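Trainee: My structure is below; once you've seen it, I'll send some questions.
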Amino acid sequence: MSYRTMQRDVTVIGAAIIDVLAGPVDEKLWGAGSLPMESMRLSFGGDALNEAVVLSRLGVNVELISKVGNDDAGRRVLDFLRENKVHTKIKTEDNLETGMNIVLIDAKGERRFLTNPASSLRKLAEEDITEYLDSAADIVCMASMFVSPMLDIPAMERIFRQIKSKPGRVLVADMTTAKNGETIADIRCLLPYIDYIIPNETESERLTGEADVFRVAAMFVEHGAPCVIIKRGAKGCLIKTAKEELEVSAYPGVCVKDTTGAGDSFVAGFVRGLKSGWSVEECARFGCAMASCTVEEIGANTAINSLEEPMRRYLVSKLQNMLQRGKVVLAIEGGSASGKTTLAAWLQQQFEDCAVYHMDDFFLRPEQRTRERLAEPGGNVDRERFFEEVLLPVSKGEAVTYRRFECSTFTLSEPVTIQPAKLTIIEGAYSMHPMLSEYYDFSVFLDISASLQEERIRKRNTPESAENFFEKWIPMEQNYFKECEVKDRCDMVWEQ
């Protein structure tokens, strides 16, 4: 089935424009007739375009409802969306200029905008949206609350009511600063429709008139919001519902070049987490990881081209949070060539007190490879020895002494001793066998496509060895994954 005919995962509503980025700028700009910039570029932007493009690059099947002018800029926007596999339900209007922003970026990465109020950025109207809502996805993002004055509060209420008329549909709303002095009381009628409303600190303070972020969050809930997530930049975010309040830290050690699009990337990450069935906290943590990638590059949607780097940062952030409460044992599971060993090695570089153990060191010795044993799901590793020599002492906080299986000789090495570590990583297929899985604090399944798996295996093996994988080892792995429901039992699935 082609991507054009598949059911959409997410529908995004809002602005799609062109950005002209320049920086870094300072006060000299206003007194100089000409000022050289280190960077000047044409880019594509708008809250909704940014969210949709980034979601598509994360592998989400996404559509965008928007409006552009019937001009060269509008055609460029549509071409860019097609290039990024975003499905478009975008109206083009004659005698309307497609929105363009001039974005001035200072030395700290903060930005100022020059906008055209007569452009498509301010002309998205209710009738441009409603005809598409009945067929919208099960997750709908209103990316641009308050961007277009034509979408006033009564219009948004009608749109939100239509969105929520389908049972089970989730509405996520991002916003910009209220343009006409709207208050939290004014949008009380909207909040019960919005499952997750995601303003930043400035936007939420403007609505509530409060400076304390915790009081601001409480006011959203008091006025009917089921869940508010307040984006706080380098401070991460604050999550508030009627029953809980929690903070999620930003990803550390980020070198900020441009904050344009950081909030949009946060929302895209949050929505991607929702689609994967994650908790609100983990959705927000992934959103912070996404935003950290965006601010390190110039441009609102240039930094993120795949799931790899955001997922790495999310996993580091998750483990850092868990390690604050004590020792952690992590399992990295997945098929051949899915990147388990590479990920484990990379994580070991990120954490000083970390020990890594490989399931490949526990293959069966020749005398153990009976027909009955190999017929068991996951039977081709010595899980009993792994349990006794590694998992049991790790669970007790003791030093581990074990012997590695040597593939070249089919024998066991001399004993190796590893001292207890704050973070212990178990990597390899069969690590999530039901006999072992209860000893892990967190587990990751690296889900690799068949085509990518074949490409990697053929690249790193001789033809004879590669065929052995396809004919013997991979079928055994697949049987184990199915019979032991491995993917479903992992805490996190990383699709590649």
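The values are calculated or read from the model by the stated rules, or taken from the named source; none is laboratory data. The structure presented is a predicted model; accordingly, all values stated were derived computationally and were not measured. Counting neighbours? That spans all protein chains shown, and the Cβs are built from the backbone with ideal geometry, glycine included.
Trainee: Looking at segment 219-234, which of the residues that are in a helix (DSSP H, G or I) and in contact with a strand residue (DSSP E or B) (Cβ under 8 Å, 6 or more places away or on another chain) is nearest to Ile187 (Cα to Cα)?
Mentor: Among those that are in a helix (DSSP H, G or I) and in contact with a strand residue (DSSP E or B) (Cβ under 8 Å, 6 or more places away or on another chain), it is Phe220.
Trainee: Within segment 147-169, is even one residue in a strand (DSSP E or B) and of a type outside the set (Gly, Ala, Ser)? Explain how you work it out, then say what you get.
Mentor: Taking segment 147-169 first, the residues in a strand (DSSP E or B) are none.
Looking through segment 147-169, none of the residues is in a strand (DSSP E or B) and of a type outside the set (Gly, Ala, Ser).
Trainee: Would you pick out the residues in segment 176-214 that are within 14 Å of Pro226 (Cα to Cα), of a type in the set (A, V, I, L, M, F, W, C) and surrounded by fewer than 18 Cβ atoms within 10 Å (Cβ to Cβ)?
Mentor: Passing the criteria: only Cys189.
Trainee: Within the group Ala331, Ala345, which residue is surrounded by fewer than 19 Cβ atoms within 10 Å (Cβ to Cβ), of a type in the set (A, V, I, L, M), assigned by TED's automatic domain parsing to the domain that holds Gly428 and outside any loop (DSSP other than H, G, I, E, B)? Steps first, answer last, please.
Mentor: Values: Ala331 fails: surrounded by fewer than 19 Cβ atoms within 10 Å (Cβ to Cβ).
None of the others qualify; the one that does is Ala345.
Trainee: Sticking with this structure for a sec: Based on this model, can you work out whether Gly253 counts as on the phi > 0 side of the Ramachandran plot, in the same structural domain as Leu42 (by TED's automatic domain parsing) and under 17 Å from the mean Cα position of the chain (by Cα)? Talk me through it step by step, then tell me what you get.
Mentor: Numbers: on the phi > 0 side of the Ramachandran plot: yes; in the same structural domain as Leu42 (by TED's automatic domain parsing): yes; under 17 Å from the mean Cα position of the chain (by Cα): no.
Considered against the rule, which asks whether it is on the phi > 0 side of the Ramachandran plot, in the same structural domain as Leu42 (by TED's automatic domain parsing) and under 17 Å from the mean Cα position of the chain (by Cα), Gly253 comes out as no.
Trainee: If a residue must be in a loop (DSSP other than H, G, I, E, B) and either among the polar types (S, T, N, Q) or in contact (Cβ under 8 Å) with a residue 24 or more places away in the chain (or both), how many such residues does segment 116-146 contain?
Mentor: From segment 116-146, those in a loop (DSSP other than H, G, I, E, B) are 116-119, 123-125, 129, 133-138, 146; that's our starting set.
Then keep just the ones that are either among the polar types (S, T, N, Q) or in contact (Cβ under 8 Å) with a residue 24 or more places away in the chain (or both); that gives 116, 119, 123-125, 129, 133-138, 146.
Of the residues in that region, 13 qualify.
Trainee: Additional query: How many residues, within segment 61-80, are farther than 18 Å from Tyr132 by Cβ and touching a helix residue (DSSP H, G or I) at 6+ places or on another chain (Cβ under 7 Å)?
Mentor: Residues flagged as farther than 18 Å from Tyr132 by Cβ and touching a helix residue (DSSP H, G or I) at 6+ places or on another chain (Cβ under 7 Å) within segment 61-80 amount to 1.
Trainee: I need the full set of residues from segment 374-398 which are exposed (fewer than 13 other Cβ atoms within 10 Å of the Cβ) and outside any loop (DSSP other than H, G, I, E, B), in order please.
Mentor: Of everything in segment 374-398, those that are exposed (fewer than 13 other Cβ atoms within 10 Å of the Cβ) and outside any loop (DSSP other than H, G, I, E, B) turn out to be Ala375, Glu384, Glu388.
Trainee: Moving to a separate point now. Could you please let me know if Gly326 is at pLDDT 95 or above and assigned to a loop (DSSP other than H, G, I, E, B)?
Mentor: Answer is yes for this residue.
Trainee: In addition: Is it the case that Arg169 is surrounded by 14 or more Cβ atoms within 10 Å (Cβ to Cβ), of a type in the set (Lys, Arg) and either touching a helix residue (DSSP H, G or I) at 6+ places or on another chain (Cβ under 8 Å) or at negative phi (or both)?
Mentor: yes
So that you can scan it fast, the table gives a plain yes or no per residue for (1) at pLDDT below 95; (2) in contact with a strand residue (DSSP E or B) (Cβ under 9 Å, 6 or more places away or on another chain); (3) assigned to a loop (DSSP other than H, G, I, E, B):
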residue	(1), (2), (3)
Gly181	yes, no, yes
Ala185	no, no, yes
Cys189	no, no, yes
Ile239	no, yes, no
Leu246	no, yes, no
Cys255	yes, no, yes
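Trainee: Right, another one. Any residue in segment 388-400 that is of a type in the set (Ser, Thr, Tyr) sitting within a Cβ distance under 7 Å of a residue that is at pLDDT below 95? List the pairs, counting only those 6 or more apart or interchain.
Mentor: none
Trainee: If I ask for residues that are surrounded by 14 or more Cβ atoms within 10 Å (Cβ to Cβ), assigned to a strand (DSSP E or B) and out of contact with any Pro (no Cβ under 8 Å at 6 or more places or on another chain), which ones from segment 103-115 would you list?
Mentor: Those that are surrounded by 14 or more Cβ atoms within 10 Å (Cβ to Cβ), assigned to a strand (DSSP E or B) and out of contact with any Pro (no Cβ under 8 Å at 6 or more places or on another chain): Val103, Leu104, Arg111.
Trainee: Of all residues in segment 313-330, count the ones that are among the β-branched types (Val, Ile, Thr) and at positive phi.
Mentor: Going residue by residue through segment 313-330, those that are among the β-branched types (Val, Ile, Thr) are 316, 328-329.
Among the residues that remain, those that are also at positive phi are: none.
Looking only at that region, the number is 0.
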